[in-house]
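Since the structure comes first, as C-alpha cells, the remarks are kept for the end.
None of the figures in this text is laboratory data; all of them are computed from the coordinates on show. None of these values were measured; they are calculated from a predicted model. Note: ideal-geometry Cβ built from the backbone for every residue, glycine included; neighbour counts use all protein chains shown.
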Amino acid sequence: MERWRTIIEPFRIHSVEPIRITTREERVRALEAAGWNLFGIHADDVLIDLLTDSGTGAMSRDQWAAIQHGDESYAGSPSWYRFLDAVQELFPFHHVIPTHQGRAAERILFSVIGGTGKVIPNNTHFDTTRANVEFSGAEALDLVIAEGHEPATVHPFKGNMDVDALEHLLAERADDVPVVFVTVTNNSGGGQPVSLRNLKAVRAVCDRFGKPLFLDACRFAENAWFIKTREEGQADRPIPDIVREMASLADGMTMSAKKDGLANIGGWLAMNDDALAERCRTLEILTEGFPTYGGLAGRDLEAIAQGLREVVDEDYLHYRIVSTAYLGSALDAAGVPVVKPFGGHAVYLDARALLPHIPPLDYPGQALAIALYVEGGIRGCEIGTVMFGRHPDGSESPAAMDLVRLAIPRRTYTQSHVDYVIEVVAAVAEQAADLRGFRIVAEPSQLRHFTARFEPLT
Ligand SMILES: Cc1ncc(COP(=O)(O)O)c(C=O)c1O
C-alpha cells in the first residue's frame, strides 16, 4: 500500500442518494427565505453538505444488518447488552447511561453537578456543552493552550489543555469546580487532538485537587489516531489500546455516537461514581427513558455497537484523516487561510484572516459561509462570533476566532466531491474583497446560530 500516494476510500458504494444541482438564483432565493441562516435551508437545496459530521455519515452493510437484530424490549433488551459490551470494550466505566444524543448526556450531567456559582473548565466547550453548563447557572471556562487560539500555528496537539491555567483555577476556586472536562478532539478549537501526555498531566492536577475528570469523547477514535501517528512511543499500539488508556485517565465521559459511533443518532454518559450515576439515572428516566434504552430504539443501540467496532479500524482512520488533510492541503496551497494542522473531522477556514475588511461583529464567518453556498451550493458552518459572541449577560463581543468549518461526513463523499469543494472555496477566496458582512435581525436568548435571522450589509 505504502508505495502509492493516492489514498482510496476503503469501501465500495452499496446504495446511493441523489444530490440535486441548483442554480445560483435558486440558492439566493432559498437564503432569503431562510433569513440568510444556513440551518434554515432545505437540505434538498444543498449540493455538498458540510454543515456537520454529526449523524450524517454513511452506515456500513454490517450496521444495516445489525439493525435487523434490534430488539425493542422496554427493559433489558439484548440490543442493550450488545451496546453495553461494545462501549465497555473501549471505555470500561462502571456505569453507562444511554441517551438519544450527546447533549442529552450533557444536560443530565450538568443538571446534577452544575448550578449557580460553579465553574466548569474544558479545553474548549462545544456550543451545546457550553449552553448546557450555562443553562444550569454555571460558568463554562475554556482553557486550551495558547497555540489553540492561533489558527496558523502548527502544533501536533493543539487541543491540549493549558495545565498551568487549570492548576491556577483549582488553586483559586477548587470548591466551585465539580468536574474538569477535556474534549477529544477539540471541535470548537479546530478539531485538534489532545495528547496522552497532556491528559496525564490534567489527571495529575485533578488528583491533587480531588476533582473528577470527564472526557467529551465524541471523536475519540480520530484523537487516538493522532496520538498513534504524532505522539512519541505510540506508533505501534493498536487504536483500541490507546482509546482504553484515554478512558483510564478519566472518571467518566459524555459521548455523541453521531460522530465516532458511526451512527445517525445516539449517545451516552458514563462514569465510575455510583452515587453520581444513581442521580443521573433518575434524571434519565425522567427525560430520556428507561436506563437500558435511554431515548434510543433497540436498532439504534445495535448500529452503534457495530459502529464502535468499525471506527477503530486503522484502514478507516487512515483514510479518514488523510482525506481531511487532502482538502486542507489543497486549500492551503491555493492561498486560503486555514487552521493548521488540519483537524480530524473538518477543515476550518480562517474567515477573519481572509476577510480583514469585515469586523468580527459584522460576522466574517457568516459572510464566507453564505458565499460558499451562493457560489457552489456548499453548506459549511460558522464557528465564530455568531456562535459564541453573545454572552449570558446579554453583551456581545468577538469570539476568539472567526472560522468556517467544513465538516466531512464519514464515508459519504468521494474525492471528486472534495475536488469540487476545493475549486469553489478557492474561487470564493479570490473574490474575498467583494464580500460584505451581515447583521442579525432576530435571535433567541441562547444558541442563536441555529435560528437567528440575518440581513446582508450593503
Ligand atoms: C465536541 C462535541 N460535544 C458535544 C456535541 C453534542 O452532541 P450531539 O449533537 O449528539 O448532541 C458535539 C456535537 O457536534 C460535539 O462536537
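You can think of it this way: the chain between Arg230 and Val28 has 68.4 nm of extra reach, that is 0.36 nm per residue less the Cα-Cα gap. Taken along the Cα-to-beta-carbon direction at a fixed 7 Å, the label points for His168 and Arg61 span 5.6 nm.
A simple spin-label model places the labels of Thr282 and Ala333 6.0 nm from each other, with each point 7 Å out along Cα-to-Cβ. Straightening the chain between Arg453 and Glu314 buys 45.8 nm, computed as 0.36 nm per residue apart minus the Cα-Cα spacing. Loop-located GluC sites (Glu not before Pro) in segment 1-68 (DSSP state other than H, G, I, E, B) with a sparse environment of at most 14 neighbouring Cβ atoms within 10 Å: Glu2. Is segment 122-193 best put as rounded, prolate or oblate by its Cα gyration tensor, with a ≥ b ≥ c the root eigenvalues, rounded for a/c under 1.5, and otherwise prolate when a/b is larger than b/c, oblate when not? Verdict is oblate for segment 122-193. Here Gln88 and His357 are evaluated by their C-beta separation; at R0 = 60 Å the FRET efficiency comes out at 0.70.
Sparsely packed loop sites in segment 47-149 (the GluC sites (Glu not before Pro) outside DSSP H, G, I, E and B with at most 14 other Cβ atoms within 10 Å) comprise Glu72. Translational diffusion of the chain was estimated from the Stokes-Einstein equation, with Rh taken as the Kirkwood radius over Cα pairs; at 37 °C and 0.692 mPa s the coefficient is 147 µm²/s. Counted over segment 190-333, the DSSP beta bridges are approximately 60% antiparallel.
Annotation: the antiparallel percentage among DSSP beta bridges lying fully within the chain is about 65. Ordered by the count of other Cβ atoms within 10 Å of each Cβ, fewest first, Phe220, Phe126 give Phe126, Phe220.
Here segment 81-136 yields Rg over Rh of 1.04, to two decimals, using C-alpha coordinates and the Kirkwood radius. Averaging Cα coordinates gives a centre for segment 398-438 and one for segment 31-78; these two points are 22 Å apart. According to the square roots a ≥ b ≥ c of the eigenvalues of the Cα gyration tensor, what is the shape class of segment 1-114, taking rounded for a/c under 1.5, prolate for a/b larger than b/c otherwise, and oblate for the remainder? Verdict is oblate for segment 1-114.
For segment 26-69, applying the loop criterion from DSSP together with a ceiling of 13 other beta carbons within 10 Å to the chymotrypsin sites (Phe, Trp or Tyr not before Pro) yields no site. The slack in the chain from Ile8 to Asn272, taken as 0.36 nm per residue of separation less the alpha-carbon distance, amounts to 91.0 nm.
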